[in-house]
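Let me begin by presenting the structure, written as structure tokens, before commenting on it.
The values are calculated or read from the model by the stated rules, or taken from the named source; none is laboratory data. Computed from a predicted structure; not experimentally measured. Don't worry about glycine lacking a Cβ; one is built from the backbone with ideal geometry, like all the others, and counts go over all protein chains shown. What goes into the accessible areas is simple: the full protein's heavy atoms, side chains included, and nothing from ligands, DNA or RNA. Shrake-Rupley method; radii C 1.70, N 1.55, O 1.52, S 1.80 Å.
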Amino acid sequence: MLGHVTSLFLGAMGYAQDLHCGDRTQLILKLMQDYREVPIVEMVDRMGNLVEVTASESGSWTLLIHAPDGRVCVLQTGTGFQELNQAG
């Protein structure tokens, strides 16, 4: 499902100008400084795009997607992030 969503996003964005995109290092530093978010998970969707989530202890989170041209774009932000305990 995420692969489908991100492929639709990348195709539709045609690099939409209202998205916040930039250098990964700069974006991560900004998220750390402004929201105390740190990278917590990376995954690759079915289209081969790297998807990354940052989150803070206060529950803020950001979903980043690494575009094929090398830019990293903020796909979504929110609050209420919490880790779920997985049954082992």
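List of remarks:
- Taking the criterion of being touching a Gly at 6+ places or on another chain (Cβ under 6 Å) and under 16 Å from Val74 (Cα atoms), the only residue of segment 46-62 that qualifies is Trp61.
- Of all residues making up segment 79-88, the number that are on the phi > 0 side of the Ramachandran plot and surrounded by 15 or more Cβ atoms within 10 Å (Cβ to Cβ): 0
- Look at segment 64-87: where a residue is hydrophobic (A, V, I, L, M, F, W, C) and a partner is open to solvent by 90 Å² or more (accessible area, probe 1.4 Å), sitting 6+ places away or on another chain with Cβ atoms under 6 Å, you get Val74/His20.
- All positions within segment 37-78 that are in a loop (DSSP other than H, G, I, E, B), open to solvent by 80 Å² or more (accessible area, probe 1.4 Å) and either under 18 Å from His20 (Cα atoms) or out of contact with any Phe, Trp or Tyr (no Cβ under 9 Å at 6 or more places or on another chain) (or both): Arg46, Met47, Glu57, Pro68, Asp69
- For Ala87, the criteria (1) among the aliphatic types (A, V, I, L, M); (2) at pLDDT 95 or above; (3) in a loop (DSSP other than H, G, I, E, B) hold in every case but one, which is (2).
- Only one of the listed residues (Gly11, Gly3, Gly22) is modelled with pLDDT of 50 or more, closer than 16 Å to His66 by Cβ and of a type in the set (Gly, Ala, Ser). That residue is Gly22.
- Residue pairs meeting the criteria (Cβ under 6 Å; at least 6 apart or on separate chains; first open to solvent by less than 90 Å² (accessible area, probe 1.4 Å), in segment 21-33; second basic (Lys, Arg)): Cys21/Arg71
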